[in-house]
Amino acid sequence: MKKRRLSKSQCVCIALLWGALCYLVLAGARRIDGPVILMLLLSGALVFIPVIKSLRG
């Protein structure tokens, strides 16, 4: 079964929702330390790798 590509508006919506989630995490964190930064980097990779692949191909 072939996957459908994401539209540009879906990619923008996903990126904005990820940004809002990052803001909530950073605003609510008592201190910004290694695990918080690592979690944000990993979540960014999980969000943006499929988005970039969908926009390219």
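The values are calculated or read from the model by the stated rules, or taken from the named source; none is laboratory data. Only a predicted model underlies this, so the values are computations on that prediction, with no experimental measurement involved. All Cβ positions, even for glycine, are placed from backbone atoms using ideal geometry, and neighbour counts span all protein chains on display. We work out accessible area using only protein heavy atoms, side chains counted, and drop any ligands, DNA or RNA first. Shrake-Rupley method; radii C 1.70, N 1.55, O 1.52, S 1.80 Å.
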| message | Among the residues of segment 26-40, what is the count of those that are in a helix (DSSP H, G or I) and not β-branched (Val, Ile, Thr)? | response | 8
| query | What is the residue count in segment 26-47 for residues that are open to solvent by 90 Å² or more (accessible area, probe 1.4 Å) and either touching a residue at least 12 places away in the same chain (Cβ under 8 Å) or within 14 Å of the chain's Cα centre (by Cα) (or both)? | reply | 4
| task | Look at segment 1-27 and say how many of its residues are closer than 12 Å to Val51 by Cα and among the hydroxyl-bearing types (Ser, Thr, Tyr). | result | 2
| query | In segment 4-18, what count of residues is obtained for those that are under 12 Å from the mean Cα position of the chain (by Cα) and in contact (Cβ under 8 Å) with a residue 12 or more places away in the chain? | reply | 4
| note | Counting only residues in segment 1-19 that are aliphatic (A, V, I, L, M) and open to solvent by 50 Å² or more (accessible area, probe 1.4 Å), the one modelled with the lowest pLDDT is identified as Met1
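Yes or no, residue by residue, for (1) touching a residue at least 60 places away in the same chain (Cβ under 8 Å); (2) in a helix (DSSP H, G or I); (3) touching a Leu at 6+ places or on another chain (Cβ under 7 Å); (4) of a type outside the set (A, V, I, L, M):
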residue	(1), (2), (3), (4)
Lys2	no, no, no, yes
Ala20	no, yes, no, no
Leu24	no, yes, no, no
Ile49	no, yes, no, no
Ser54	no, yes, yes, yes
